[in-house]
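Some notes on the structure that comes next.
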Amino acid sequence: MIILQGIGASEGLAIAEPFYLEKIDLSVTELDNQNQDVELKRFQDALVKAEKQLDELYLKTKEINEESAEVFEVHKMLIRDLDFTEGVEALIKKGKNAEYAVDSTALKYQKLLEAMDNEIMQARSADVLDIRNRLIKILKQIEDVNTVPTEKFILLSEELLPSEIVKFDKRQVAGIVSKVGSITSHAAILARTLNIPFVVGLNRFDEIPHFGIIALDGQTGEVIINPDKKKTEYYHKKIIEVEKLQKELEGYRGKKAITKSGKKVIIGANIGNVQEVDLVIENDADAVGLFRSEFIYLDSNDYPSENKQFAIYKNVLSKLAPKNVIIRTLDIGADKVVDYFKLGKEDNPALGYRAIRICLNEPEIFKTQLRALYRASKYGNLSIMFPMITHIEQVSEIKEIIKEVKQELDQENIAYDHDIQLGIMIETPAAVMISDKLAGMVDFFSIGTNDLTQYTLACDRMNSKISMLFNQGHESVLNMIALTAKNAHKAGIWVGICGESAGDLSLLDFYLEHNIDELSVSPSKVLRLKKAIIEK
Ligand code: PEP
Ligand code: MG
């Protein structure tokens, strides 16, 4: 037994076999003047091999769950779809290499499917991506090192990206350990949302074998390699206790978060995709205080179309109506890297070209999202919020663009909610210091304490070496929150907190004292927060 120490990034305990996530390079180079016969044969052989793999996966999965196995049948159908194979062959006949032909035909297919105003067809786009990756792996002769185990496992990754977590079946991931990363990295935020125990910043990560048993505690950051009998029993016992606490919290479902003195706080949930809507309902959140729309972009291979986004927003809003859902517009950059944006490498990405700065510089991308949001607005109770505001002019520009979007929709006779509340994130010291002026321009503020802490303390939220300095309860950050709340209330608008510290119970008295109107946390923390407020 070896005990290692990392940083607890998502609470909970897990004990299971490890599964090491190899990073595989599935990029493709375009080659011309290739030998057609050779490339055609490579493609045909790859199809046969892929089918064989899919048959095996089907049989293996069927033993566990018949329904889950069907996806491999669908993949088999897609792989032999004539439009697809003929598309690939046509490119090969033009002299292209098989890898490029598969990649380019699959991408064309994905775009077609994503543009459809139909969720089932849109979901097929992910299947096309799977097929593309399977064929490319075969063509590049990459061993399928990442065949996911069928039992629950502990995911080991040098550096886990949010887009990688979303690719797994969440029910299978018992816990995650990563070598780098931090508590406020988006992979960690996602893990908390999904209630998956997560330990980051494990310096001795390379000592973990890729087999055996691993136990982890996502609160203390403890990772144990091959725990002995005593530790194993302890972990199993603790897991049962956590389940018991969870049951106790169930009693708070249906209750409003009101303190004994009558102060009411709206408890929101932070989510990043449609599947998490169920968690919002399950955990009885009053609202969605933050929908991180960038996860839609992170989960795509290309810019998500207006129709694709519309279908997602419509789905979220209608499922949650009449609950208020605050959808934040695209917030990429820094640790949220989306390849097709081709943002390039920056020396200081957290201070660089990101979030609203991209949207205002590339209004077509922004307008596509806004059109989708406005079109979806009539299906529920939508509010829209804008990230990384630092300048008054940015808010004026946003309003101008919204005016244009509304005019376009009016001309096209498309109905939308004319009273959508518009808010901004207060997550830079600049926004705090001009919050008196900003408050007159919007309907609400939502304080993003993750970035606000990073910028106030000049402390990179991603850097595990300085995680000791990253303190969301630092006096300077609390003063920023107090000033923001004062200016919001003076202007008659409401203010919420949607950064990670919203769920920090040691700060709850401070939030109540400053009359914070909404606290938005990971769905798994909603009931605990509700209980704490009711007991105040
Ligand atoms: C924040 O910065 O606090 C926030 C909620 O946004 P994100 O964590 O997505 O940057
Ligand atoms: Mg932020």
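Values quoted throughout were computed directly from the atomic coordinates according to the rules given, and no laboratory measurement underlies them. Here the structure is a predicted model, which means the values were calculated and not measured. For neighbour counting, all protein chains shown are included, and Cβ atoms are generated from backbone atoms with ideal geometry for every residue, glycine included.
In plain terms, if you count all Cα to Cα distances in region 1-85 and split them into 5 Å steps from zero, the share in each step is 2, 9, 11, 14, 16, 12, 10, 10, 7, 5, 4, 0 percent.
Debye-formula intensities of region 1-44, expressed as log10 I(q)/I(0) at q = 0.19, 0.27 Å⁻¹, are -0.88, -1.13 (one equal scatterer per alpha-carbon, no solvent). Normalised by residue count, region 430-536 yields a Cα convex hull volume of 104 Å³ per residue.
Legend: ranking of residues ILE239, ILE497 from fewest to most surrounding C-beta atoms inside 10 Å; resulting order ILE239, ILE497. Taking one quarter of the surface of the C-alpha convex hull of region 211-302 gives a mean projected area of 9.8 nm². Only lysine pairs 8 or more places apart, or on different chains, with alpha-carbon atoms under 17 angstrom apart are counted in region 255-341, and they number 8. log₁₀ I(q)/I(0) of region 36-139 at q = 0.14, 0.22 Å⁻¹, via Debye over equal Cα point scatterers, no solvent, to two decimals? Per q value, in the given order, log10 I(q)/I(0) is -0.54, -1.14.
Size of region 254-351 from its Cα atoms: along the principal axes, largest to smallest, the extents are 52, 32, 17 Å. For a straight C-alpha distance cut-off of 19 angstrom, the lysines reachable from LYS93 (same-chain residues fewer than eight places away being disregarded) are LYS41, LYS108. Of the residues SER104, SER446, the one with the fewest other Cβ atoms within 10 Å heads the list, and the complete ranking is SER104, SER446. The radius of gyration of the Cα set in region 342-411, together with its Dmax, comes out at 13.7, 44 angstrom. Full extension of the chain segment joining ASN33 with ALA430 gains 137.3 nm, where the gain is 0.36 nm per residue of separation less the Cα-Cα distance.
Summary of packing: across the peptides 397-410, 276-289, 415-428, the per-residue average of other C-beta atoms within 10 Å ranks them, highest first, as 276-289, 415-428, 397-410.
Extents of region 260-534, largest first, come to 50, 45, 35 Å (Cα atoms, principal axes, whole angstrom).
Across the alpha-carbon atoms of the chain, the computed radius of gyration and Dmax are 24.3, 80 angstrom. Footprinting exposure proxy ranking of ILE266, ILE24, ILE389, fewest other C-beta atoms within 10 angstrom first, gives ILE24, ILE266, ILE389.
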